[in-house]
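So the structure is just underneath, and the comments pick up after that.
What follows is calculated from the coordinates using simple rules that are stated; it is not laboratory data. Keep in mind that this is a model prediction, so the values were computed, not measured. Heads up, the Cβs are rebuilt from the backbone with ideal geometry, glycines too, and the neighbour counts pull from every protein chain shown.
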Amino acid sequence: MIRHCVSFRFRDDVDTTERAAIHADLEALWRVIDGMGKVELSANTSPEPFARGFTHGFTIDFRDAAARDAYLVHEAHQRAGARLVAALEGGTDGLMVFDLEISI
């Protein structure tokens, strides 16, 4: 299993309605991308001082690397990702992505 982890910081002028719409766009992807699990999105709640300015994040579990790779190039993901990046402080500078291989 691949756990796709994304940390980001919204621009201050992005309202809660747009934030919810971005989450809905991302969440809808599991319906069209085989092997993709639910999107879990939240504001950062860690009490540790290591967030480096990232205020929000989400994770997606993929069945395997092939499912993750299909997600990366899927046109629906490209659209949802572009909407997210447009709402971030500094565009892609306001984004950090890493994937973990999880053994189950």
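Of these, SER46, SER42, which one is hydroxyl-bearing (Ser, Thr, Tyr) and in contact with a Gly (Cβ under 9 Å, 6 or more places away or on another chain)?
Answer to the check: SER42.
Just one of PHE8, PHE50 is within 11 Å of the chain's Cα centre (by Cα) and aromatic (Phe, Trp, Tyr); which is it?
The match here is PHE8.
Of everything in the range 56-71, what is in contact (Cβ under 8 Å) with a residue 60 or more places away in the chain and buried (at least 17 other Cβ atoms within 10 Å of the Cβ)? Give them in sequence order.
ASP61, PHE62, ALA67, ARG68, TYR71
For the range 72-104, how many residues meet the condition of being among the small types (Gly, Ala, Ser) and surrounded by 13 or more Cβ atoms within 10 Å (Cβ to Cβ)?
5
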